[in-house]
Amino acid sequence: MSDSLLEISNLRIALNGDSDKQVVKGLNLKIQPGQTMCLVGESGSGKSLSALATMGLLPKVLSPLEGSSIRLKGEELLGASPGRMRNLRATAMSMIFQEPMTALNPVARVGQQIEEVLEFHSDLGQSERRRKTLEMMDAVHLPDIEKLYRSFPHQLSGGQRQRIMIAMALIMRPQLLIADEPTTALDVTTQAQILTLIRELREQQGSAVLFITHDMGVVSEIADDVTVLKLGEVMETQNVDNLLRHPQTDYTRDLLRSVPSQVPRPPRSDRSEKIVLKTDDLCKTYGGTGLIFKSREVKAAQDVSLKLMQGRTLGIVGESGSGKSTVARCIMRLIDPTSGSITVGGQDIATLSQKELKPQRKNIQIVFQDPMRSLNPRIEVGQSIIEGPLNFGVSQEAAMARARELLELVGLPASAVDRFPHQFSGGQRQRIAIARALAMDPDVLVADEAVSALDVSVQAQVLDLLAELQERLGLGILFITHDLGVAAQICDEVMVMQFGRVVEYGPAAQVLGQPQQDYTKALIAAAPGRHWDFANFRPFAESAPAAGG
Amino acid sequence: MTDQTTATVAAPPRDTTTALTRVREIVTSSPIVLLATVLLAIVVLSAIFATWVVPHDPVRLTPSERLKPPSDTYWLGTDAFGRDLFSRIVTGGRISLVVGVGAAIAAVFAGLVLGLLAGYIRWLDAVLMRMVDGLMAIPNVLLAIAIVSLWGASLWTVLVAITIPEVPRVVRLVRSVVLSAREEPYVEAAIAAGSSTWLIMRRHLVPNTVAPLIIQGTYICASAILTEAILSFLGAGINPETPSWGNIMAEGRIYFQINPGIVLWPGLIVSVAILSINLLGDAVRDALDPRMAQRGIDR
């Protein structure tokens with residue numbers, strides 16, 4: 001027992017100290033030095049709160065209940081003085097967060113921010129501090145460290161910022177590193193690099209890592225042991241290999257089954273020849289204007305040509321800044337394309353005025369990423385759904401009757417029309433947003449990262465819903481995502497974009513199965529958990545005997 | 001947070017907080033706010049019912065009773081023409097409050113319309129905002145004096161003169177709210193649904209501006225009362241026969257050494273009214289924007 005670096009026993013955290021309002025219900029956890037423990041769960045599982053409790057950073061309204069204990073090297077942390085906790089943070093344990101932009105001070109140079117840690121927690125001289133800082137920046141593989149030392153956070157990429165955060169967290173060589181979804185906000189290639197870095201530093205420094213994530217792929221890459229949490233309760237704790245092969249609880253099994261597999265699903269045979277959406281050489285350029293000095297041009301999308309058939313799904317995949325959302329927004333005419341054509345309902349809509357465009361709006365609808373912001377919080381759900389039909393002259397009664405039907409179609413009660421968005425969960429809101437889009441009877445549904453903000457089990461449900469609706473209504477779906485697994489599961493065709501250009505475009509099985517371009521290969525190689533067939537509880541190597549060995 | 005596929009959405013909690021209980025919550029949020037409300041209520045009610053409240057006719061000249069100190073007959077004394085000071089201050093509240101409330105409503109309305117246009121219609125933005133910038137460059141009182149001297153002093157011109165300099169700030173406020181709200185996916189969804197610009201503004205954008213506008217309105221009200229007092233004090237306000245807090249002070253200025261009350265009492269009432277309105281505005285802001293309140297106290 002004494003060899004555990006961190007030992008959490010019976011941790012219960014409650015709102016306002018009220019034992020009826022527990023958000024973490026008896027967490028037990030042990031981490032040995034040099035070990036990586038993953039804390040996995042969906043939103044609301046209490047995984048981040050457990051980490052914050054360890055760091056002594058819980059919000060004031062939440063407090064650990066009597067009988068909870070968190071011991072670091074045998075020292076009880078709950079009830080330790082604020083001064084002692086401040087001292088332990090950075091020196092004995094440290095934490096990195098999800099969003100590296102907000103975790104860094106935007107008006108201080110990053111080098112100084114790292115150095116500050118040394119200033120508070122060591123008595124090194126200035127030149128010594130600087131030398132150590134540069135050494136650490138080198139250790140996290142930052143390029144051109146002398147220059148970066150003097151840079152501000154906004155001048156760095158997301159991955160570089162996260163490296164700075166890691167450098168800051170590890171410079172005092174703490175024995176425990178807590179990483180709270182450190183790669184969730186990053187692109188998949190950057191994510192792979194950061195995961196490698198964390199693994200490498202753990203080996204070098206021998207520190208233990210408490211890694212919080214919702215992503216089973218990441219778990220399979222980095223974990224030694226895994227604790228699965230659901231609504232504040234521990235479901236199971238197991239060695240990673242055992243957990244992925246022999247999950248003990250139904251919840252874990254469901255969680256694993258929901259993980260979209262990286263292997264493309266078999267192509268659908270029923271091929272419709274009716275083109276519902278087509279773009280030719282679509283371009284969107286920002287800037288390049290100005291009276292005297294031309295502003296810098298940014299080509300957000302260049303020569304994008306795509307074709308979407310009735311009843312089929314075309315996926316656009318790419319990392320942030322690849323231009324995939326720009327394409328979607330041009331197609332919706334939420335922004336005006338610079339050149340090229342967009343054919344919807346047999347008509348080129350790229351240059352239509354808003355007035356001429358209105359009749360075509362019916363044919364193409366969109367579902368956005370963020371379920372919290374895609375419905376007006378001040379009006380009832382029913383009113384949001386019928387707004388479109390009312391614009392096209394449908395009577396209030398008829399539109400409302402249709403709204404009730406649609407809500408049932410997307411798996412919600414018809415009575416939901418009278419409620420406000422805040423009364424629904426994220427997944428439910430996304431269903432409402434889908435119902436709103438369907439209220440217009442569109443031919444094409446554009447889903448712009450429509451499942452990215454959802455928990456994996458909810459994500460699976462929404463994807464199923466989309467597939468079912470497509471089957472029933474013959475929708476063409478343009479599906480924009482950064483997640484190759486999701487793309488593999490629902491797309492017939494896939495387009496890979498990078499820097500505003502189309503890198504590869506073809507049937508999903510071909511693009512994701514036998515990629516021709518280096519960038520596509522790199523994307524696939526970086527996807528976490530690609531070796532695991534989560535839904536069947538085994539690695540892919542074992543499912544294909546020929547490749548085994 | 002798991003998704004409920006089946007029909008098990010929790011019953012909607014009935015919204016029982018009516019506007020009245022909400023107002024009561026705001027007013028009783030702290031003793032100072034309660035005090036401010038009571039003081040303001042006294043000022044407002046006595047101004048409204050001035051005809052019945054005042055012991056003397058506020059405009060009747062009684063030369064024999066000039067510059068009398070406070071007494072049982074004249075509670076606050078008399079001015080240089082023998083008019084009862086208390087009656088004049090109470091009656092003067094009418095002009096000041098009408099100007100204050102009128103300017104607040106007019107400025108908020110004008111600012112809302114212009115701000116919506118500037119925020120939503122991009123090509124209008126540059127034109128409107130440069131005009132607003134120009135207007136903001138001129139000091140409020142100076143601009144008001146110029147307008148009054150151009151059109152002559154009456155209640156209406158004073159109201160207009162005080163409203164116009166207040167509009168730019170409202171325009172900027174509304175514009176900034178609209179600029180962020182128009183990027184919300186629900187607004188884009190409305191565009192995709194073919195909603196007209198007018199419908200989008202009315203349904204999706206205006207509701208976002210209500211809270212900040214109520215708050216801004218209270219500040220404008222306070223500032224308009226002050227500007228009216230300044231204008232009257234400078235002799236650029238409403239006809240001196242009609243009492244207003246500003247011109248009572250202006251007339252009393254010369255006799256300050258004989259009866260300082262003529263300047264001090266109306267000055268005190270102006271201060272109390274403005275302070276009360278501002279306190280109330282702060283309380284409304286805290287109630288409508290809890291995050292702001294927390295930041296104010298905690299950090």
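Inside the range A:244-254, can you point out the residues that are in contact with an Asp or Glu (Cβ under 9 Å, 6 or more places away or on another chain), part of a helix (DSSP H, G or I) and touching a residue at least 24 places away in the same chain (Cβ under 8 Å)? Correct list: A:Thr252 only. As for the range B:175-191, it holds no residue that is more than 14 Å from every other protein chain (Cβ to nearest Cβ) and without any contact (Cβ under 8 Å) to a residue 12 or more places away in the chain. Of everything in the range A:255-310, what is among the hydroxyl-bearing types (Ser, Thr, Tyr) and in contact (Cβ under 8 Å) with a residue 12 or more places away in the chain? Give them in sequence order. Across the range A:255-310, the qualifying residues are A:Ser258, A:Ser261, A:Ser272, A:Thr279, A:Thr285, A:Tyr286, A:Ser305.
Close contacts from the range A:374-389, counting a first residue that is within 7 Å of chain B (Cβ to nearest Cβ) and a second that is part of a loop (DSSP other than H, G, I, E, B), with Cβ to Cβ under 7 Å and a gap of 6+ residues or different chains, come to A:Ser374/A:Phe368; A:Glu387/B:Ala193; A:Glu387/B:Ser195; A:Gly388/A:Ala439; A:Gly388/A:Met440; A:Gly388/B:Ala193; A:Gly388/B:Gly194.
Does B:Ile214 qualify as being at pLDDT 85 or above, within 29 Å of B:Val113 (Cβ to Cβ), away from chain A (no Cβ under 14 Å) and surrounded by fewer than 22 Cβ atoms within 10 Å (Cβ to Cβ)? Yes, satisfied.
Conditions tested, residue by residue: (1) closer than 30 Å to A:Ser258 by Cα; (2) touching a Phe, Trp or Tyr at 6+ places or on another chain (Cβ under 8 Å).
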| residue | (1), (2) |
| --- | --- |
| A:Lys30 | yes, no |
| A:Cys38 | yes, yes |
| A:Ser45 | yes, no |
| A:Gly56 | no, no |
| A:Pro64 | no, no |
| A:Ser68 | no, no |
| A:Lys73 | no, no |
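Of the residues making up the range A:285-323, those that are of a type in the set (A, V, I, L, M) and out of contact with any Asp or Glu (no Cβ under 9 Å at 6 or more places or on another chain) are A:Leu291, A:Ile292, A:Val298, A:Ala300, A:Ala301, A:Ile316. Residue selection: A:Leu170 satisfies the criterion of being surrounded by 23 or more Cβ atoms within 10 Å (Cβ to Cβ) and either within 21 Å of A:Thr102 (Cβ to Cβ) or at pLDDT below 90 (or both). Filtering B:Arg299, B:Arg285, B:Arg291, B:Arg295 for residues that are touching a Pro at 6+ places or on another chain (Cβ under 9 Å) and at pLDDT below 90 leaves a single hit, B:Arg285.
With B:Ile225, B:Ile258 as the choices, which residue is modelled with pLDDT of 85 or more, aliphatic (A, V, I, L, M) and assigned to a helix (DSSP H, G or I)? Every option except B:Ile225 fails the conditions.
Taking the range A:269-326 as the range and being among the β-branched types (Val, Ile, Thr) and either under 24 Å from A:Gly485 (Cα atoms) or buried (at least 18 other Cβ atoms within 10 Å of the Cβ) (or both) as the test, the residues that pass are A:Val276, A:Thr279, A:Val304, A:Thr313, A:Ile316, A:Val317, A:Thr326. When each of A:Glu356, A:Glu408 is tested for being surrounded by fewer than 19 Cβ atoms within 10 Å (Cβ to Cβ), closer than 23 Å to A:Arg329 by Cα and of a type in the set (Asp, Glu), the lone residue that passes is A:Glu356. Being more than 15 Å from B:Ser96 (Cβ to Cβ), surrounded by fewer than 21 Cβ atoms within 10 Å (Cβ to Cβ), over 17 Å from the mean Cα position of the chain (by Cα) and modelled with pLDDT of 85 or more: is that true of B:Leu268 here? Spelling it out, it is not the case that B:Leu268 is more than 15 Å from B:Ser96 (Cβ to Cβ), surrounded by fewer than 21 Cβ atoms within 10 Å (Cβ to Cβ), over 17 Å from the mean Cα position of the chain (by Cα) and modelled with pLDDT of 85 or more.
Among the residues of the range A:415-448, those identified as within 9 Å of another protein chain (Cβ to nearest Cβ) and part of a loop (DSSP other than H, G, I, E, B) are A:Arg419, A:Phe420, A:Phe424, A:Ser425, A:Ala439, A:Met440. For the range A:7-82, the strands (runs of 3 or more DSSP E) that sit wholly inside it and include 2 or more residues that are within 26 Å of the chain's Cα centre (by Cα) are A:22-31, A:36-40.
The helices (runs of 4 or more DSSP H) found wholly in the range A:463-549 and carrying at least 3 residues that are of a type outside the set (Gly, Ala, Ser) occupy A:484-490, A:508-513, A:518-526. Only a single criterion out of (1) within 14 Å of chain B (Cβ to nearest Cβ); (2) without any contact (Cβ under 8 Å) to a residue 40 or more places away in the chain is not satisfied by A:Ser81, namely (1). When every residue of the range A:65-78 is checked against the conditions, none turns out to be basic (Lys, Arg), in contact (Cβ under 8 Å) with a residue 40 or more places away in the chain and within 29 Å of A:Gly427 (Cα to Cα).
The values are calculated or read from the model by the stated rules, or taken from the named source; none is laboratory data. Given the structure is predicted, the values throughout are model-derived calculations rather than measurements. Please note: Cβ atoms are built from the backbone with ideal geometry, for glycine as well, and neighbour counts cover all protein chains shown.
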